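Working notes for the structure below.
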Amino acid sequence: MLAPFVNWYFRQRYEDLVSQSPKSIQNQMHLLDYLMEQGSETEYGQKFGLKSIRSYADFRRQVPVVDYEDLKPWIERIMAGEQQLLWPSEITWFAKSSGTTSNSAKFIPISYESLEETHFKGGKDILTVYSSWFPDTKLFSGKGLLLGGSHKVNQMNNKSYYGDLSAVLMNHLPFMANYFSTPDIEIALIENWDEKLEKMAQATLKENVTSISGVPTWALVLFKRQLEITGKKSIHEVWPNLEVFIHGGVNFAPYKEQFQEISGWDGMHFLETYNASEGFFGIQAESNKREMMLMSQHGIFYEFYPVSKGPEYCIPLAEVEPGVNYAMVITTNSGLWRYCIGDTVQFTSKDPFRFYITGRTKLFINAFGEELVIENAEAAIAQACSITTSIVSDYTAAPIYMTSSKPGHEWLIEFSKLPENIETFAAILDRELKKCNGDYEAKRRNDMAMCMPKITPLMPGTFENWLKKKGKLGGQNKVPRLSNDRKIVDEIQDMLKTN
């Protein structure tokens, strides 16, 4: 009964979403004024004189660019019960983020404003965009399966709570969203991933699942368990009306073939989002293109600086140029002031603003001047898989430092379908990396500075076991793709030796 109305609502909403695109710069400057006003009476605002700021130039001059470690003392005070420190409204919820490049957890404050104006608004926009792509969608005739994390009471203050972002959002979903979601929140928020996976698989078997949202790795794990339980050959046999997988967090290219194979039909759609604990930043703009539209009116003021320079070169959205690799700095409606999120992006156009994620400011390998970023790695892995008809489930790469042989890179790779010849796979990977990265090609020329990549195939489940050992199994946790040291690679190899 509700499905036709809901479908109509989201199709109508698309016109408003598109109309805001030409106003992105204007929206951003209005938003900066709003954030200054809201933050002026907080302790942080008083420290940096937000009340006296009259222009973006003042803002850039008076407020420092920070990372999590700079804000951590402020956040810990909020978690202990203090208020009015970073944001004026009461904050009692925190999104726990493991951090792709950090071993220590980060706790991102979630205000009421960020829930409503950023995350929930972004969720509506996802459905709006998808409905515009496929006006005849049957998405709302069934339920959306949410692959989320867990939450627990914060032990520093019994009035504060923390959990994966997905868990925080689930705890605040309006009735209508819960009506269209599965499994029940009691199952969705189970902390033990193994227990949750089993209960989720059993509870959703007979549901009419039309969409799935989550990290690709854990979706595949759930799919495989469903096939084990049912004896079916494809997910399409389990959920015949499943039509879209909404994903984010990692590049989807290495996973797409696996999803198409396990789904069992060609009608599966994929929609990428850029949604982090710190905010909702982007949605795939067109169904057949990777680039995303920037969410300019979702409670976040954006700044960018060229990765080749530094934070002192921050510029507002109005001054970005296509083709430049930028680090992203955000000021948000939950009290993150000029916060360097650690992601890098590149704009493809300014009218409208379209961009794609290129990697992490700290997720790269530059041990020998090769400046290998995640974008290079993902493109080369995808091409090597395509040519060798292999499928990569997960991987991580790190430097091999000079010992008795020449330096290079070691790639630990879990294949769900092995190439016929590992050496051929390595040669193609090497060739593709040379194509997309001139610095890498220069270091590899005539094997003078770096040797051929070393590929170490891993048994299925190795990365899952490593995450489990690190206490990072499930939710938004994922294997760091590139590391500038051998810590992760050595940990995994030591684990394998022990076992």
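Nothing in this text is a laboratory measurement; each read-out follows from the coordinates by a stated rule. What you see is a predicted model; the values in this text were computed from it and never measured. Heads up, the Cβs are rebuilt from the backbone with ideal geometry, glycines too, and the neighbour counts pull from every protein chain shown.
Structure notes:
- Rounded if a/c under 1.5, otherwise prolate or oblate - region 7-154, Cα gyration tensor axes: oblate
- Based on the Kirkwood approach, the hydrodynamic radius assigned to region 364-498 is 15.2 Å, with every pair of different Cα atoms included.
- When each of Arg360, Arg481, Arg54 is scored by the number of other beta-carbon atoms lying within 10 Å, the sequence from fewest to most is Arg54, Arg360, Arg481.
- In nm, spacing of pseudo-spin labels at Asp494 and Leu205 (7 Å Cα→C-beta vector): 4.2 nm
- Entries of Lys106/Lys159; Lys47/Lys470; Lys72/Lys289 with Cα pairs more than 28 Å apart: Lys47/Lys470; Lys72/Lys289
- About the centre of its Cα atoms, region 256-299 shows a dipole size close to 100 debye [charges on the beta carbon of Lys, Arg (+1) and Asp, Glu (-1) only; nearest 20 debye].
- Given charges at Cβ of Lys, Arg, Asp, Glu: the chain dipole, positive-most of Pro453, Thr182, Leu363: Pro453
- Span-like helix ranges in the chain, DSSP H, alpha carbon extent 20 angstrom or more, Kyte mean at least -1.0: 3-19, 24-39, 216-230, 374-388, 422-436
- Ordering Cys385, Cys436 from the fewest to the most neighbouring beta carbons within 10 Å gives Cys436, Cys385.
- Our note on the geometry: Cα centres of region 419-455 and region 264-331, 30 Å apart.
- Using R0 = 30 Å, the C-beta based FRET efficiency linking Asp58 and Trp133 works out to 0.10.
- Residues in region 262-279 reached by a label modelled at Lys417 [backbone nitrogen below 19 Å; 7 Å Cα→Cβ]: 262-270
- Overall size of region 156-251 from C-alpha positions, given as principal axis extents largest first: 48, 29, 28 Å.
- Around Leu458: net Lys/Arg minus Asp/Glu count, Cβ-Cβ under 9 Å: -2
- Here Asp394, Asp485, Asp136 are placed in order of increasing Cβ neighbour count within 10 Å, fewest first, which gives Asp136, Asp485, Asp394.
- Unit Cα scatterers, Debye sum, the chain: log10 I(q)/I(0) for q = 0.07, 0.11, 0.13 Å⁻¹: -0.38, -1.00, -1.41
- Full extension of the chain between Val18 and Ala442 yields a length gain of 148.3 nm, computed as 0.36 nm times the residue separation minus the alpha carbon distance.
- Here Lys23 is the anchor, and the aspartates and glutamates within straight C-alpha reach of less than 12 Å, apart from those fewer than 8 places off in the same chain, are Asp351.
- One quarter of the convex hull surface built on the alpha carbon atoms of region 424-499 amounts to 6.6 nm², the projected area averaged over directions.
- Modelled spin-label separation between Lys309 and Ser89, with each label point placed 7 Å from Cα along the Cα-to-Cβ direction: 3.5 nm.
- Where labels lie 7 Å past Cα in the beta-carbon direction, separation of Met452 and Lys121 in nm: 5.4 nm
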